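Novice: Have a look at this one.
Laboratory data are not the source of any read-out in this text; all were calculated from the coordinates shown. What you are looking at is a predicted structure, and each value in this text was computed from that prediction instead of being measured. Cβ: placed from backbone, ideal geometry, glycine included. Neighbour counts: every protein chain shown.
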Amino acid sequence: AASEVGLAASIVHAVIECRWTKRFVQDVLALGVAYPIHVAIATCRERPSFEWSPGMLTLIGRRDMVLAQGRICSGDNGASAVRSESYDPISIAMASFNADAHHGGTTGTLEDAESVLLPPKFARHWNDTRAEIVQSMLDTSRPISLPTATDRSDTGQAALRQLTKRALAQPIGRGMLSFGTRHFRSRDVVPVPPLVLNGQTSDGLLLTAEASAMAPANLVWPLFHNAVAAGLRFMPTVQHIQSVPRQWILHQARTAASAVERAGIIFAAGLTRQLRALEVMDVYALLTASGSSAVREPVAVAVNVGLAVSYRGSCAPDVFDYLQLHVQSLVQSAQDLDSTLTSQAAALVAIGLLYERSANAWVTEMLLTELSRVPTDEHNSRRESYKLAAGLAIGLTLCSLGRSHGLGSTGIDDRLWAMVEGGNQKVRRGHTEGRSDFEERGGAREPDAFLMRVFQSVADDDSGANACNNVLEGDRYDPAVTAPPAVAALTLMYLQTGDELVARRLN
């Protein structure tokens, strides 16, 4: 179509205006940016026009048209384009892809531990190679492609440093691409491809990533998402059907190479709502098999959020009984919490998912208590993430309910707006008043009577027993800490409600 050729011509014209040579596009630009340019060049090459400039005709490989017009392009664009015609990294990647397929890389078995390829029977509704190009982009089992080596080694290291950050995020995209494309057998182990952060130039020179990028502490969550992507390949796409047996999930957890990979596979099963098959002792075994609290942090996060997604919106009391062990207001003291702050934040989000759109007054009050909690010596570092998790949980509990949540007497909206605007903190009630109010409203019939623990924790804070020696907060909220989670809560509360008053106030 004429519009397609016009769009491609405008892209090629923009490349010429930027003074980019074809080698620059091939060697320097990321593959995701270079691929549309190559498509535009190929489109213009098939449907050229004599009205285009010599530089543009030379860049698309139609130098014959330039010679036919008697106009020889002597600029850098044309010369570089002619010299670089023999080098095409996309063709090299495609040749490597075809070679892997020829040697059985797409047989659909579990032996392809280093492969991220879609199975050969996967339905494709297009005639180009976009799927293969995307697979090549998201493949983390091979060294990172770098430009041609130069005399300055720091240039290659700088490029590798930037591309390493991209490689750490690629497993998330790979998980979405390959979701539900494989079938499992009961005794097979899910292959987790390696996460290679070293680089390789087009002329074969290998560059090693910096020590900071390879530090184990910096690779925990990238390796976690890498295992999630591997697990999602074998998960069913129909999530309301329990099609993954309990024995298979436990077998994958036992045979995982590390606690991080175990956590990733569990999280993949949780995202597809397959953790309903687990029993109480299974959850206990998964948590205790990972060693210390810091080592089992990814497993705790995976189990917390995975169980909540599996039981989303069900208000299951058994799941809540487990999650409350990770929430500060629901334990007797901070010393009873054997979990990291990340695990606690994940538990708050999980409670929001478990009570999604339930408008449960007691859960909402507990989450507001966590959101307005004053800093303590035990709860000072990275408390912004904890408060943000509490805000998201409040928003999920009251998601899209707007003013119809039925909790007007608790003043939830006013308290959240006070956190956004830095208003005065609400006067906290003591333990006795909170307990009598709880019983008066029928809370004694609730399981585990957790709100009494909330007010007991508040009373401890009021007494100054857990004062913070590093941060002093006055009678007003600190908007730098409380505004982002409060805005997130209000946004989810009034999502799709069409409330213009709230929209104008947020704006």
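Novice: With θ taken as phi - 60° and the coefficients 6.51, -1.76 and 1.60, list the Karplus ³J(HN,Hα) couplings across the range 470-477 in order, rounded to whole Hz; mark glycine and proline as x.
Specialist: 10, 10, 10, 10, x, 7, 10, 5
Novice: Which ³J(HN,Hα) values, rounded to whole Hz and listed in residue order, are derived for the range 255-269 from phi using the Karplus coefficients 6.51, -1.76 and 1.60 in 6.51 cos²θ - 1.76 cosθ + 1.60 with θ = phi - 60°, glycine and proline given as x?
Specialist: Values per residue, Gly and Pro as x: 8, 5, 5, 8, 5, 5, 5, 4, 5, x, 5, 4, 5, 4, 5 Hz.
Novice: Using 7 Å Cα-to-Cβ label points, what is the Asn469/Glu500 separation (nm, one decimal)?
Specialist: Placing both labels 7 Å along Cα→Cβ, they lie 5.6 nm apart.
Novice: Rounded to whole Hz and in sequence order, give me ³J(HN,Hα) for the range 360-375 from the Karplus expression 6.51 cos²θ - 1.76 cosθ + 1.60, θ = phi - 60°, writing x for Gly and Pro.
Specialist: 6, 5, 6, 5, 4, 5, 4, 5, 5, 4, 5, 5, 9, 5, 6, x
Novice: Moving on to the next point. Of Ile11, Ala34, Val66, which is farthest towards the positive pole of the range 1-71's charge dipole, taken about the Cα centre with +1 and -1 on the beta-carbons of Lys, Arg and Asp, Glu respectively?
Specialist: Toward the positive end, the furthest listed residue is Val66.
Novice: So what is the relative contact order of the range 1-71, in percent, for Cα pairs below 8 Å that sit 6 or more residues apart?
Specialist: That works out to 33 percent.
Novice: What trypsin sites (Lys or Arg not before Pro) in the range 175-210 are in a loop by DSSP, with at most 12 other Cβ atoms within 10 Å of the Cβ? Could you put the intermediate results ahead of the total?
Specialist: Details: sites: Arg182, Arg185, Arg187; in loops: Arg182, Arg185, Arg187.
Those that pass, being in a loop and sparsely packed, are Arg185, Arg187.
Novice: Using amide H atoms built 1.01 Å from N in the peptide plane, name the residues 5+ places from Leu118, or on other chains, whose amide H lies under 5 Å from its own.
Specialist: Those qualifying (amide H under 5 Å, at least 5 residues apart or on another chain) number zero.
Novice: Here's a follow-up. Any idea what diffusion coefficient the range 1-71 gets from Stokes-Einstein, in µm²/s, Kirkwood Rh on alpha carbon pairs, 10 °C, 1.306 mPa s?
Specialist: Diffusion coefficient, whole number: 129 µm²/s.
Novice: I've got another one for you. List the residues whose amide H sits under 5 Å from the amide H of Leu207, counting only those 5 or more places along or on another chain, with H placed 1.01 Å from N in the peptide plane.
Specialist: Residues meeting the amide H criterion: Gly199, Gln200, Thr201.
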